[in-house]
Amino acid sequence: MTLDQALVDAAIAQLDRRWPADEPGGAAAVRLDDGRILTSVGLDNIHGSVALCQETGAYCQAYTLDRRVTASVCVFRDPGDGRYVILPPCGVCQERLALWGPDVEVGVPDPEDPTRWLSRRLVEVNPYYWATHFAGGAWPSTRMHSE
């Protein structure tokens, strides 16, 4: 199961359900190893240090369901121009995705047009993952979870 336009469209649909068109907003969608798609939005808070990324809810739900995440994408809509842009996973979300290993596909913006997406494996986005040092050069998740 890979990152595809259906996954991006699910994130956009969630964004449009949650955020009015005149407000900035973001949402995420993840595909599970059984083909299901989960969506989520970030938890905004007046205290920025407790806000959560758009993807967090879907990641937690996948973990609760004991399913592997195979693909993840995050979208953002700027009310100034109404465009939906693709946001790559931040460092914290890369850490969260590392739970499912280096082959998780993530959406990244096309350098020519951030409204278009490219698919990259997590290891391509984070080729120097720090935790491999503590796992004999492998991603620790391959030791924690069976395929």
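Things worth noting here:
- Counting only residues that are assigned to a strand (DSSP E or B) and of a type in the set (Gly, Ala, Ser), the stretch 92-130 holds 2 of them.
- Within the option set Gly25, Gly80, being open to solvent by 70 Å² or more (accessible area, probe 1.4 Å), modelled with pLDDT under 95 and over 25 Å from Pro102 (Cβ atoms) holds for one residue only, Gly80.
- From Thr70, Thr56, Thr64, residue being touching a residue at least 60 places away in the same chain (Cβ under 8 Å), open to solvent by 10 Å² or more (accessible area, probe 1.4 Å), β-branched (Val, Ile, Thr) and on the phi < 0 side of the Ramachandran plot: Thr70
- Long-range neighbours under 9 Å by Cβ, at least six apart or interchain, first residue within 21 Å of Tyr63 (Cα to Cα) and of a type in the set (A, V, I, L, M) within the stretch 123-145, second modelled with pLDDT under 80 and not in a helix (DSSP H, G or I): Val123/Trp139; Ala131/Trp139; Ala131/Pro140
- When restricted to residues that are within 18 Å of Phe76 (Cβ to Cβ) and among the charged types (D, E, K, R), the stretch 97-111 contains 1.
- Any chance Val73 is in contact with a Pro (Cβ under 6 Å, 6 or more places away or on another chain) and either within 19 Å of Asp9 (Cβ to Cβ) or in a helix (DSSP H, G or I) (or both): no
- Against the numbered list (1) surrounded by 19 or more Cβ atoms within 10 Å (Cβ to Cβ); (2) within 17 Å of Asp4 (Cβ to Cβ), Leu87 comes up short only at (2).
- A search for C-beta distances below 7 Å between a residue of the stretch 29-52 that is open to solvent by less than 60 Å² (accessible area, probe 1.4 Å) and any residue that is basic (Lys, Arg), counting only pairs 6+ apart in sequence or on different chains, returns Leu32/Arg67; Leu32/Arg68; Asp33/Arg67; Asp33/Arg68; Val41/Arg18.
- Residue list for the stretch 1-50, filter: β-branched (Val, Ile, Thr) and within 12 Å of Gly107 (Cβ to Cβ): Thr2, Val8, Ile12, Val30
The values are calculated or read from the model by the stated rules, or taken from the named source; none is laboratory data. Source: prediction; values computed, not measured. We place every Cβ from the backbone using ideal geometry, glycine too, and count neighbours over all the protein chains shown. In case anyone asks, the SASA skips ligands and DNA or RNA and just uses the protein heavy atoms, side chains included. Shrake-Rupley method; radii C 1.70, N 1.55, O 1.52, S 1.80 Å.
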